[in-house]
Amino acid sequence: MRKASALAEDITPNLQDDCFQTTDLTKLFPKGLSEHAPRILLLHGSLRERSYSRLANEEAARILKKLGCETRVFDPTGLPLVDGAEPDHPKVQELRDLVIWSEGMVWCSPERHGSMTGLMKTQIDWLPLSLGGIRPTQGKTLAVMQVSGGSQSFNAVNQMRILGRWMRLITIPNQSSVAKAYLEFEDDGRMKPSPYYNRIVDVMEELVKFTLLTRDTADYLVDRYSERVETAEEVSKRVNQRSI
């Protein structure tokens, strides 16, 4: 049996000390905070003329504006399938430019066959983890919502949470799932008062709070020891390589 004193030894031989960093409170709580309106991009997963995911996003955008945000709702009409066009396709460039512009996002998809729609996945798949040395999604906030034609479900939002983590987004705890969405909107496209509407307000309030809390520290929050080690090794190889 190991002695307790041995477990408490401050020996970490596997750490690269030049890449290891303790938490810097000055970076975690900067004094100078951004004062511009939070920039939120909203993506929806249906091209139907009466798309309930689009209508839910438009309602969310109105709430976000009421909360002091600047919003953009991306229209996926004409967006090609992934690998079906080059990255310089106008709709792909529009989407990527909006992601770079944004500080937070809302993803809202219908649930189809127990999952998010192909269109929703296509939009996400067009977002690279790295773009010209910039990670367009890393450290930004994300809220996920879904609409369903039947009873309430959480399959689509759960899948989008997995994708949000993969894209290194800060996905907020709250979420929205609107059941029987065809009953929740007026003929003019506005959402009726209901607990579902109130939940969307909850989600947007939380998204704004998380965005304000993290946008000035996003780069520091997602700074990783493993990547610092990898970068240091790459620099070392480049500096020490022989001239050819």
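The values are calculated or read from the model by the stated rules, or taken from the named source; none is laboratory data. Since we're looking at a predicted model, the values are computed, not measured. When we count neighbours, we look across all protein chains shown, and the Cβ atoms used for this are built from the backbone with ideal geometry, even at glycine. Areas reflect the complete protein model, heavy atoms only, side chains present, ligands, DNA and RNA absent. Shrake-Rupley method; radii C 1.70, N 1.55, O 1.52, S 1.80 Å.
Which residues make up the longest stretch of the chain that has no GluC sites (Glu not before Pro) in a DSSP loop with at most 12 other Cβ atoms within 10 Å? Walk me through the numbers on the way to the answer.
Working: sites that count: Glu9, Glu35, Glu49, Glu186.
Excluding the exposed sites themselves, the longest stretch runs over 50-185.
How much length would be gained if the chain were fully extended between Lys65 and Trp166, taking 0.36 nm per residue of separation minus their Cα-Cα distance, in nm to one decimal? Show your work: numbers first, answer last.
Values: separation 101, 0.36 × 101 = 36.36 nm, distance 2.82 nm.
Residue separation times 0.36 nm, minus the Cα-Cα distance, leaves 33.5 nm.
Put Leu119, Leu67, Leu33 in order of accessible area, highest first, and with a 1.4 Å probe you get Leu33, Leu67, Leu119.
What's the FRET efficiency of Tyr182 with Leu28 using the Cβ-Cβ distance as r and R₀ = 51 Å, to the nearest 0.05?
Numbers: r = 46 Å, r/R0 = 0.89.
With R0 = 51 Å, the Cβ-Cβ based efficiency is 0.65.
In Å², what does the accessible area per residue of the chain work out to with a 1.4 Å probe? Provide the component values of the computation, followed by the final result.
Working: 14360 Å² over 244 residues.
Value for the chain: 59 Å² per residue.
Whole angstrom only: what separates the Cα centroid of the range 77-101 from the Cα centroid of the range 20-73? Distance between centres, Cα-based: 20 Å. Here is the list for the range 129-234: chymotrypsin sites (Phe, Trp or Tyr not before Pro) lying in DSSP coil, each with at most 15 other C-beta atoms within 10 angstrom of its C-beta, are Phe154. Lysines within cross-link reach of Lys91: Cα-Cα under 18 Å, excluding same-chain residues under 8 positions apart? Reachable lysines: Lys121.
Can you show me the helix-derived [θ] at 222 nm for the chain, built from DSSP H runs with n ≥ 4 at -39,500 (n - 2.57) apiece and divided by the number of residues, rounded to the nearest 500. List each step's numbers first, then the result.
Values: 9 runs with 95 residues, N = 244.
-11500 deg cm²/dmol, from helical runs alone.
Counting only protein chain heavy atoms and rolling a 1.4 Å probe, the accessible areas of Ile170, Ile63, Ile11 rank, largest first, as Ile11, Ile170, Ile63.
Nearest 20 debye, what's the magnitude of the dipole of the chain about its Cα centre given +1 on Lys and Arg Cβ and -1 on Asp and Glu Cβ?
Details: 32 positive and 33 negative charges, 74 e Å.
Dipole magnitude for the chain comes out near 360 debye.
Projecting the Cα positions of Val229, Pro76, Ile63 onto the charge dipole of the chain (unit charges on Cβ atoms of Lys, Arg, Asp and Glu, taken about the Cα centre) puts Ile63 furthest along the positive direction. A 1.4 Å probe over all protein chains sorts His44, His113, His89 by accessible area into His113, His89, His44, starting with the largest. Here the gap between Asp10 and Gln152, fully extended at 0.36 nm per residue and compared with their Cα-Cα distance, gives a gain of 46.0 nm.
Shown for the range 95-244: the carbon plus sulfur share of the solvent-accessible area, taken with all protein chains present and a 1.4 angstrom probe, equals 51%.
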